[in-house]
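Q: I am attaching a structure below and will ask some questions about it afterwards.
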Amino acid sequence: MSLKAIASVLGLSVTTVSRALNGYDDVAEVTRKRIEEEASRRGYRPNAAARRLKTGRANTVGLVFPDSSLPLSDSHFIEMLQTLDQRLARDEIDLLMLADKPQDQQRTLRMLRSGAIDALIVTHAMPQDIRLQRLQQKGFRFLSLGRSQLPQPYAWFDYDNHAGVKLATDHCLATGLTQLAWLGGNEPSSFVRDRRRGFLDAITQHQPLPVPLMAAVPPSRRAGYQQTLAWLAEGHVPQAIITDCSPLGEGAAIALQQAGRLSGPQAISLFVYDGLPQDSIIDHPVNAILQCSQQHVGEKLAEMVLQLLDGTPLNQLQTLWQPRLHLTSD
């Protein structure tokens, strides 16, 4: 179906139809709506290459993720990516996955400089993030998943990771569970730091001051399993274990179940940030620090990316969502 056919049916010029479908603002809103409805009815989709020439955009957004298998084995991360990709596709924007390899960083900058990609989504932000600093210095558009210390305002999306873990730790202490263990990741990401700080801040505000067990390990099911078994074997048996991610939580749950400590009179309370994975082999409920569904996160990120591309002021593209505590007794 051609522009000429749509123009003929509506009694408009081909130029008017083309400009309306390519987002130009010099077409009256009533006329634009008529054109879009007729195009939709006929199943017309504008030529992507032609639209890129006219708008000056590549209609491609890059997503930078850590150079490891861990994010891509995280069911929550994958669900967010799928929703983000689907939502951007509705606006004919492609999502390009970019592994964060040191040797590829210059390539990513070249793609931004040449206009091959319109903006970057940078995941797993770090407190002092040289990637974000470099992007800001060069004036490139980016959206950060997590917060960092930058000299100028920038677009970011984050959860209050500190508050989420503090909720769980405060609950434990308020219910008399003072022998606590923190099972956290060893990555340099801001969310790992903030979740650990939430745990420690809750501990230091309690009197008498508890002395918790602390472990920083790779954020994997294996590491969670091995660390929990090690605590039990050493005779360091906490009343509650708080983990900072699903894989560590599932590993801890498997170890506790094998030791007969996940349920029953000798049960150790387990609190898992994000809850157990959807495909977890553990069917026993655990306490969870929950965020909105990853589908909602993907939708929100896509909305923010579109606003970023449309020139929305950066200080209006800063979103902090609050987690909640879900107990097995709820």
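Rule-based calculations on the coordinates, nothing more; no lab input. From a predicted model like this one, the values you see are computed outputs, not experimental measurements. Quick reminder, even Gly has a Cβ in these numbers, built from the backbone with ideal geometry, and neighbours come from all protein chains shown.
Q: What order do you get for 238-249, 202-213 when each peptide is scored by the mean count of other beta carbon atoms within 10 Å, highest first? Could the numbers behind the result be given before it?
A: On the way: 238-249: 25.9, 202-213: 13.8.
Output ranking for 238-249, 202-213: 238-249, 202-213.
Q: Explain nothing, just compute: Karplus ³J(HN,Hα) = 6.51 cos²θ - 1.76 cosθ + 1.60, θ = phi - 60°, for every residue of the range 202-210 in order, whole Hz, x for Gly and Pro.
A: 5, 4, 5, 8, 9, 10, x, 6, x
Q: Near Lys101, which aspartates and glutamates are there with a Cα under 16 Å away, not counting those fewer than 8 places off in the same chain?
A: Asp67, Asp129, Glu187
Q: Still on this structure, I have one more. Please work out the Kirkwood hydrodynamic radius for the range 69-165, using every pair of different C-alpha atoms, and report it in angstroms with one decimal place.
A: On the way: mean 1/r = 0.0676 Å⁻¹.
Every distinct Cα pair counted, the radius reaches 14.8 Å.
Q: Cα-based Rg of the range 161-290 per 2.2 N^0.38 Å, rounded to two decimals? Write out the running numbers ahead of the final one.
A: On the way: Rg = 13.2 Å, N = 130, 2.2 N^0.38 = 14.0 Å.
The value comes to 0.94.
Q: With each run of n ≥ 4 DSSP H residues scored as -39500 (n - 2.57), what mean residue ellipticity at 222 nm is computed for the chain after dividing by its residue count and rounding to the nearest 500 deg cm²/dmol? Working shown, then result.
A: Working: 12 runs with 142 residues, N = 330.
It comes out at -13500 deg cm²/dmol, rounded to the nearest 500.
Q: What ³J(HN,Hα) values, in whole Hz, does the Karplus curve 6.51 cos²θ - 1.76 cosθ + 1.60 give for the range 311-321 when θ = phi - 60°, with x put for Gly and Pro?
A: x, 4, x, 5, 6, 9, 10, 9, 10, 10, 9
Q: Hey, how many Å between the Cα centroid of the range 110-158 and the Cα centroid of the range 210-273?
A: 35 Å
Q: Kirkwood hydrodynamic radius, computed over distinct alpha-carbon pairs, for the chain: how many Å, to one decimal? Kindly include the intermediate steps, with their values, before the conclusion.
A: Numbers: mean 1/r = 0.0447 Å⁻¹.
One over the average 1/r among Cα pairs gives 22.4 Å for the chain.
Q: Apply the Karplus parameterisation 6.51 cos²θ - 1.76 cosθ + 1.60, with θ equal to phi minus 60°, to every residue of the range 181-189 and state each ³J(HN,Hα) to the nearest whole Hz, in sequence, with x for glycine and proline.
A: Working through the residues one at a time gives 10, 9, 10, x, x, 10, 6, x, 5 Hz.
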